[in-house]
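Heads up, the thing below is written out as structure tokens.
Every number in this text was worked out from the coordinates using simple rules, so none of it is lab data. From a predicted model like this one, the values you see are computed outputs, not experimental measurements. With ideal geometry, Cβ positions are generated from the backbone for all residues, glycine too; neighbour counts draw on all protein chains shown.
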Amino acid sequence: MRSKRKKKPIKLKCTHREIEQGEKYYGHGENDYEIWWYCLDCGKEISQQALLGCLITDSEYVDSVKQYISNEDFFYSSFNQKVWKAIDKLYKSNQNIDLVTVSEEVGKNEEGYSVSYEITGFLDRVTSPSSSIEYAKRLHSYYLRRVLHSQMYEISKNIGDSSLETNSLLEDAHTTIGNIISLQPNKTFDIDSL
């Protein structure tokens, strides 16, 4: 009789972090002990890079994009946040926005090398600079989902606290959702639209 070999538990890993239990993900490939997946944030990374590449290609769209992306918090990756801040700073000071100026503004990477190569990869994701507004809308939506997820987690922690009154919990949840809704661009109450 052959003994059954115990299988090691398969650990879900993204390309940059372990995936938390219950988190949504999509597959990439596998071996005996690990399955490499992309968390949903990795898919969003592509949209971030495409948006930044569009703006480096044609800075004419910066004002339109800023209706949806007001600061670097909308970007998940810290490197993409640096690139956004560089584009924003160059735009505000009426300087040319291109691969060279953005790379110089971002500076060197952690290893001390120029970031030009990394930023050049963003340009490979550009289908058309006019797509920047669509990418900005997507990033804004992803940002709202991150904020909603974080806030709902905080609300759910308080639900188990029996010392808090139910009405207080409901009011906090209502206020939190209202604050998140107010983050949407062009979402203002208009009595004439009723």
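Over 30 Å between Cα atoms, which of Lys44/Lys85; Lys66/Lys108; Lys85/Lys157; Lys44/Lys89; Lys89/Lys157 qualify?
Beyond 30 Å: Lys85/Lys157; Lys89/Lys157.
Around Thr57, under 13 Å between beta carbons, what's the net of Lys plus Arg minus Asp minus Glu among the other residues?
So the surrounding residues net to -3.
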